[in-house]
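Below is one structure, written out as structure tokens, with a few remarks after it.
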Amino acid sequence: MTIRLPGPAGELRTYEPCAEPLACSAGRSPLVSRTVYAAAHVVADPYGGTCPDGPAAVDWDATLAFRRHLWALGLGVAEAMDTAQRGMGLDWETAAELIRRSAAEARAMGGRIACGAGTDQLGPGPADLAAVRAAYEEQLAIVEGSGAQVILMASRALAAAARTPDDYRAVYGHLLRQAGEPVILHWLGPMFDPALDGYWGSSNLDAATETFIRIIAEHSDKIDGVKISLLDAEREVDVRRRLPEGVRCYTGDDFHYPELIEGDDRGFSHALLGIFDPLGPVAAEAVRVLDTGDAKGLRALLDPTVALSRHLFEAPTRFYKTGVVLLAWLAGHQTHFTMVGGLHSARSLPHLARAYELADGLGLFPDPALAEDRMKSLLTVYGVAQ
């Protein structure tokens, strides 16, 4: 069978879908050599009757089922992060419920979970540093109360309120001192969220890095690790080599993850990645291969996936979630291609068609015929005759 896919110039191309899915020996045996989290998407309720700027309507059964899928592979789940559309359709009240439900599910399954704590309940408009601290504290209490590890997320409100690097040191120092358990500190770059430009007190990345490193050094006993999402492998390696002993580096680089996870003779990165939502089976298999000491085997599995990841995360990078959810639908993890906040409209049809083609070429779809049928139905909605 063939399928006609639109190219970037609107031309239609004939594509022959893959006949066989990827064979991965997925299982729940722990991953040993690296700690790996997949940042998971949420499944919208298409019958929720909400509007794009209203509270999110979530299909809780399908959302939690996807997390069970990731845990069954042996991966950890990074919950209520930007992959779950925090600040892009997922409101704080619904995010708090997501944290509670996912943490309870993790306890029941024995799965690893870490959840994002930020300040998004403040909404738009100015807020002073005291309000930012209070908002962080509220979310920290929710995450810690659920029994999950805290991921201290970057804050749009803090980026707007802070005037100097010392403002960041004061806010983060206050929060880290009161954290019950070591947290994961997250540096999310402006390519993921333009409102975070100048984070850590400077748009100069060298200056921002110095502030980041100083905060880590001052509170290393309260920091399990740092997640760096700058799409800058060289900078990540530099930060990784300067971390205090016992503080891990979790790569958030969806462009260079194979080499960063492999590492070098001076260290390596663990992983906390949005691309591991659709790549879960491959990621788990790759780390199990690395557990045997086979670094080349890790690269042989992960390197071919980078083209798909670079495509999904192409500029505007913040809309990568659309491709992630498309692939979840095509893979059969949910029954529809609908997103909270209407974000399923954020990418063009040629972009979605190329995502399907790349994922299919990797054998990512457990049922290639189902994926083909669903892609054809999407093309029909867009007016592409087959």
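The values are calculated or read from the model by the stated rules, or taken from the named source; none is laboratory data. Bear in mind that the values here come from a model prediction, so they are computed numbers and not experimental data. So basically every Cβ, Gly included, is an ideal-geometry build from the backbone, and we count neighbours across all protein chains shown. Quick note on the areas: whole protein, heavy atoms, side chains included, nothing else; ligands and nucleic acids left out. Shrake-Rupley method; radii C 1.70, N 1.55, O 1.52, S 1.80 Å.
Identify all residues within region 347-374 that are among the hydrophobic types (A, V, I, L, M, F, W, C), within 24 Å of the chain's Cα centre (by Cα) and assigned to a helix (DSSP H, G or I); write none if there are none.
Once the filter is applied, which keeps residues that are among the hydrophobic types (A, V, I, L, M, F, W, C), within 24 Å of the chain's Cα centre (by Cα) and assigned to a helix (DSSP H, G or I), region 347-374 yields L349, L352, A353, A355, L358, A359, A371.
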So, in region 294-340, how many residues would count as being in a helix (DSSP H, G or I), open to solvent by 10 Å² or more (accessible area, probe 1.4 Å), farther than 29 Å from D197 by Cβ and touching a Phe, Trp or Tyr at 6+ places or on another chain (Cβ under 7 Å)? 1
Which listed residue, of P182, P190, is surrounded by fewer than 21 Cβ atoms within 10 Å (Cβ to Cβ), under 27 Å from S146 (Cα atoms) and either in contact with a helix residue (DSSP H, G or I) (Cβ under 7 Å, 6 or more places away or on another chain) or without any contact (Cβ under 8 Å) to a residue 12 or more places away in the chain (or both): P182
Selected residue (only one of S229, S202 is of a type in the set (S, T, N, Q) and either touching an Asp or Glu at 6+ places or on another chain (Cβ under 8 Å) or open to solvent by 60 Å² or more (accessible area, probe 1.4 Å) (or both)): S229
Qualifying residue in region 85-96 (condition: within 15 Å of the chain's Cα centre (by Cα) and closer than 24 Å to I223 by Cα): yes
Consider only pairs whose beta carbons are under 8 Å apart and that are at least six residues apart or on different chains; among these, list those whose first residue lies in region 222-250 and is under 21 Å from S309 (Cα atoms) and whose second residue is open to solvent by 40 Å² or more (accessible area, probe 1.4 Å) and part of a strand (DSSP E or B). V237/D264
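Test of understanding: among F276, F268, which residue is open to solvent by 10 Å² or more (accessible area, probe 1.4 Å), under 23 Å from F313 (Cβ atoms) and of a type in the set (F, W, Y)?
It is F268.
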Sort through A96, A78 and tell me the only one that's among the aliphatic types (A, V, I, L, M), open to solvent by less than 30 Å² (accessible area, probe 1.4 Å) and more than 30 Å from V289 (Cβ to Cβ). A96
Under the condition of being assigned to a strand (DSSP E or B) and touching a His at 6+ places or on another chain (Cβ under 9 Å), which residue from region 235-265 is most open to solvent (accessible area, probe 1.4 Å)? R248
Just to be sure, is A108 without any contact (Cβ under 8 Å) to a residue 24 or more places away in the chain and assigned to a helix (DSSP H, G or I)? yes
Mind checking which pairs have a first residue in region 300-318 that is more than 11 Å from V282 (Cβ to Cβ) and a second that is open to solvent by 50 Å² or more (accessible area, probe 1.4 Å) and in a helix (DSSP H, G or I), Cβ under 7 Å, 6 or more apart or different chains? H311/R354
Any chance region 143-153 includes a residue that's under 21 Å from G189 (Cα atoms), open to solvent by 10 Å² or more (accessible area, probe 1.4 Å) and assigned to a strand (DSSP E or B)? no
Mind listing whichever residues of region 8-48 are out of contact with any Lys or Arg (no Cβ under 8 Å at 6 or more places or on another chain) and of a type in the set (F, W, Y)? Y47
By residue number, the members of region 258-285 that are in contact with a strand residue (DSSP E or B) (Cβ under 6 Å, 6 or more places away or on another chain), within 24 Å of P366 (Cα to Cα) and not hydrophobic (A, V, I, L, M, F, W, C) are G274, D277, G280
